[in-house]
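Worksheet: one structure, shown below.
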Amino acid sequence: QADQEGYDAVIIHCFGDIGLAGAKTIADIPVIGAGESVFQVAYLLADKFGLITARDEFIPNIYRSARTHGVVDRIVSMRSINIPVLELRERREELEARFTEQVNKAKHDGAEIIIVGCLAIFPALGDHSARRLSEKLGIQLLDGTAIALRVAEMLVNLNLRQSRLAFPRAAEIWHK
């Protein structure tokens, strides 16, 4: 629909990149997954990643995604704060305390950069929380929303989109 309405790109705003591959087969505009974008940027910036997400239940999907994107061997720590996503804002103080604790554990595990594997965490922690907490905790925290947006902007500016060889149009697959 975004493609038909003239948008320049689409971002799947969930770190799990739910529906990403399918969306790439039906859109002619760039379709960007926040998770895939963060993994690739993390790869450019560090050798050892820590990953913090909202719930333990998210970890298996994130692990599979990291394997798909070729970065699973760089993850030295994968942890959760175990607060339901819909409760993050109302439990802000607890969220920040648990997040800080898990980041410190990931640093102890050898992480050189932290991937935040839930896009609801930073908004729940308030404006500029990625920058504020990066400075406070002494390690870069990757904001998936900001990264996905910049990746989408870059692809649009360079007139790039997903390859039809890698992601054939869905209609063409079923009608041949």
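Structure summary
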read-out: Tail beyond 13 Å, pair distance distribution of the stretch 31-80 (Cα, percent); value: 54
read-out: Surface per residue (accessible, 1.4 Å probe) for the chain, Å²; value: 55
read-out: Count of lysine pairs in the chain with Cα separation under 30 Å (8 or more residues apart, or interchain); value: 7
read-out: Overall Cα dimensions of the chain - principal axes, largest extent first, Å; value: 53, 33, 30
read-out: Placed amide H near V71: partners under 5 Å, 5+ positions off or other chain; value: none
read-out: Carbon + sulfur, % of accessible area of the chain - ligands and nucleic acids excluded, 1.4 Å; value: 53
read-out: E101 versus N82: modelled label distance in nm, points set 7 Å from Cα along the beta carbon direction; value: 0.9
read-out: Amide N proximity, the stretch 43-70 versus I18 label position 7 Å along Cα-to-Cβ, cut-off under 17 Å; value: 53-65
read-out: Kyte-Doolittle mean at least -0.5 and Cα axial length at least 18 Å: DSSP H helices in the chain; value: 144-157
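The values are calculated or read from the model by the stated rules, or taken from the named source; none is laboratory data. Everything numeric here is computed off the predicted structure, so don't read it as measured data. Positions of Cβ are generated from backbone atoms using ideal geometry, with glycine treated the same way; all protein chains shown enter the neighbour counts. To get the accessible areas, we keep the full protein, side chains included, count just its heavy atoms, and leave off ligands, DNA and RNA. Shrake-Rupley method; radii C 1.70, N 1.55, O 1.52, S 1.80 Å.
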